[in-house]
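Quick notes on the structure that follows.
The values are calculated or read from the model by the stated rules, or taken from the named source; none is laboratory data. Here the structure is a predicted model, which means the values were calculated and not measured. Note that we place each Cβ from the backbone using ideal geometry, even for glycine, and neighbour counts take in every protein chain shown. In case anyone asks, the SASA skips ligands and DNA or RNA and just uses the protein heavy atoms, side chains included. Shrake-Rupley method; radii C 1.70, N 1.55, O 1.52, S 1.80 Å.
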Amino acid sequence: ILSQKVLELLKSFKELGDLIDAADAREGEAEDRAEEEKRVSKKHLDRSLQLESEISSLAIRLEEAEEAKMLAAQSAAKIQELEDKISEASQALEQSAQHSTSLAAQATQAKLHAQEAESKAETLDKER
């Protein structure tokens, strides 16, 4: 009976040793998983920081683009204003040209009248 009890005790020690070995193996696996999760978390953190930097850069670019858009709108308004002034100047120039043409026609007409009057005066002088 004693030897049977010793055998059972040895068997229990062996089972206990197997359980300890299994627990050690699980602990090692858990440590490996924890290391892997830590590595993945670090990778995700690095990527998050990179994305945050890219977002910040894009926000700056967006701000610059909005400023450029505003300047472009101001430039377009200034160009329109200049085009309007050019159009006004062109119309004034055209009116001035028409007026000059009219004055030239009037001058030609006056010259013809003067020549006609001079011719009549000469004719009257000759008749006298």
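Among I60, G17, I1, whose Cα sits farthest toward the positive end of the charge dipole of the stretch 1-67 (+1 at Cβ of Lys/Arg, -1 at Cβ of Asp/Glu, about the Cα centre)?
Towards the positive end, the residue furthest out is I1.
Hey, if you put +1 on the Cβ of every Lys and Arg and -1 on every Asp and Glu Cβ in the stretch 26-128, which of A121, S41, T101 ends up farthest toward the positive end of that dipole?
Toward the positive end, the furthest listed residue is A121.
Starting from the Cα of K14, draw a straight line to each of the lysines and keep only those under 16 Å, dropping any in the same chain fewer than 8 residues away.
The reachable lysines, counting only those whose Cα sits under 16 Å from K14, are K5.
Using a 1.4 Å probe over the heavy atoms of the protein chains, calculate the carbon and sulfur portion of the accessible area of the chain as a whole percent.
So the carbon and sulfur contribution to the accessible surface is 59 percent.
Heavy-atom accessible area per residue, the chain, 1.4 Å probe: how many Å²?
92
What is the magnitude of the charge dipole of the chain about its Cα centre, with +1 placed on the Cβ of each Lys and Arg, -1 on the Cβ of each Asp and Glu, and no other charges, expressed in debye to the nearest 20?
Roughly 220 debye, rounded to the nearest 20.
Would you check the accessible area of R33, probe 1.4 Å, heavy atoms only, in square angstrom rounded to 10?
Near enough 130 Å² of accessible area.
In the full protein assembly as shown, how much of H99 is accessible to a 1.4 Å probe, in Å² to the nearest 10?
Surface open to solvent at H99 totals about 110 Å².
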